[in-house]
Amino acid sequence: MSLYDKAVVQALRRYEEAYFDATEPKVLEGLREQGLYFPPRTMTHDESLAWATTEYALCEEGRIVESFLAGVGGNLPHLRAPLSAYAIMAHLPQHAYDPVDETGEDTGYCTVCGAEDGEEIDFTSTNYFRMTRGCCVTSEPSELAFFLSRHNVEKYSAPGPTDIALFAEIVAVIGKCKGGEKPGDLVKKIRKIRGVEMTNEEGRAFLNLLGHAGILQAPGHPGLIYAYENLATVPMLSTGLADMEWSYPVDYWRGQYGVNRDAMERWFGGYPAIISACGGVA
């Protein structure tokens, strides 16, 4: 489980138990006391995209990586989350709101990014998933912007040797996966590593994040750091309810694909211990 302060955990749990309704007095009080309440805002599609573009430009890739490693070692999803948003933003095209799909039907949301136009956005809920999952759920610009904006203003401690060593161990475990093993099998292995205290949901989100970053991918299904996909409409491999939490492209990953060394070099080239853990993986 994430190592947040008990008061933070309690406030988040009450919010979840209230079915994400922040208007209940005790729930709202707890969220505000812990700095977890963010008023809803009505934003147009273009406003959200402009905000995301601004926040992305303010980010420093090295700090995104530092935050991720600190989040791995500290079991803090919100510190890992910016890497997901940053990877998705890398190739998100500048575009106008376009709700018309290839059949000519008005879908009611942008076919490029999944966002509605002029919708009220519950940023307290967005923050809840940032804090409890640590990975983007959609590719909507408002979510990407929020994740990156919090990263740009919040402080965190630089990753230490134990943080780096823990992620290196995770990478080594991925590299030893056997052909045919699925993401769910990998979550179980990672959760058994000493020092990893992720819940099953956090573990799934963690692998989704690694997929967005291009670390876990499959032939023909690259990470979003290489090519943009609308997470709301991209074809998925899984069909059962148990697989609904998998994101693209990790849904297509299997053990024989291991870790993508090119992405590892990009993100963690400055951390020899992590790169060494890749072994001979291509």
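When you count, for each residue, the other Cβ atoms within 10 Å and take the mean per peptide, how do 74-82, 264-272 rank with the highest first?
Details: 74-82: 24.1, 264-272: 15.9.
Descending mean neighbour count gives 74-82, 264-272.
Among Leu58, Val234, Leu12, flag the residue with its Cα farthest along the positive direction of the charge dipole of the chain, charges on Cβ as +1 for Lys/Arg and -1 for Asp/Glu.
Leu12
What number, rounded to the nearest 500 deg cm²/dmol, is the helix-based mean residue ellipticity at 222 nm of the chain, given -39500 (n - 2.57) per DSSP H run of at least four residues and division by all its residues?
The per-residue figure over the chain is -14500 deg cm²/dmol.
Which option, (1) 15; (2) 34; (3) 20, is the value of percent of Cα pairs over 35 Å apart that was calculated from these coordinates?
Computed from these coordinates, percent of Cα pairs over 35 Å apart corresponds to label (1).
Under 10 Å from the Cβ of Gly114, count the other residues' Cβ atoms, weight Lys and Arg +1, Asp and Glu -1, and hand me the total. Could the numbers behind the result be given before it?
Numbers: positive: none; negative: Glu116, Glu140, Glu143.
That works out to -3.
Roughly how big is region 161-277's charge dipole about its Cα centre, with Cβ charges of +1 (Lys, Arg) and -1 (Asp, Glu), in debye to the nearest 20?
Details: 12 positive and 13 negative charges, 86 e Å.
Roughly 420 debye, rounded to the nearest 20.
How would you rank 120-131, 172-183, 153-164, highest first, on the average number of other Cβ atoms within 10 Å across their residues?
Numbers: 120-131: 19.3, 172-183: 16.0, 153-164: 13.1.
Top to bottom by mean Cβ count within 10 Å: 120-131, 172-183, 153-164.
With charges only on Cβ, +1 for K and R and -1 for D and E, what is the dipole size of region 112-177 about its Cα centre, in debye, rounded to 20?
Working: 5 positive and 10 negative charges, 107 e Å.
Approximately 520 debye in magnitude.
Would you mind working out the magnitude of the charge dipole of the chain relative to its Cα centre, with +1 at each Lys and Arg C-beta and -1 at each Asp and Glu C-beta, to the nearest 20 Debye? Numbers along the way, then the final one.
Values: 24 positive and 39 negative charges, 362 e Å.
Its charge dipole is roughly 1740 debye.
Output needed for region 1-157: three equivalent-ellipsoid semi-axes, defined as square roots of 5 times the C-alpha gyration tensor eigenvalues, in descending order, whole Å.
On the way: eigenvalues 150, 86, 30 Å².
Here the semi-axes work out to 27, 21, 12 Å.
Return a single number: how many Lys pairs in region 143-256, at a sequence separation of 8 or more or on separate chains, have alpha-carbon atoms below 25 angstrom apart. Provide the component values of the computation, followed by the final result.
Details: Lys176/Lys188; Lys176/Lys189; Lys176/Lys192; Lys178/Lys188; Lys178/Lys189; Lys178/Lys192; Lys182/Lys192.
Taking the Cα cut-off of 25 Å, the pair count is 7.
Only the coordinates and a few stated rules stand behind these numbers; no lab work does. A quick note: this is a predicted structure, and the numbers were derived from the prediction, not measured. No Cβ is skipped: glycine too gets one built from the backbone with ideal geometry, and neighbour counts run over all protein chains shown.
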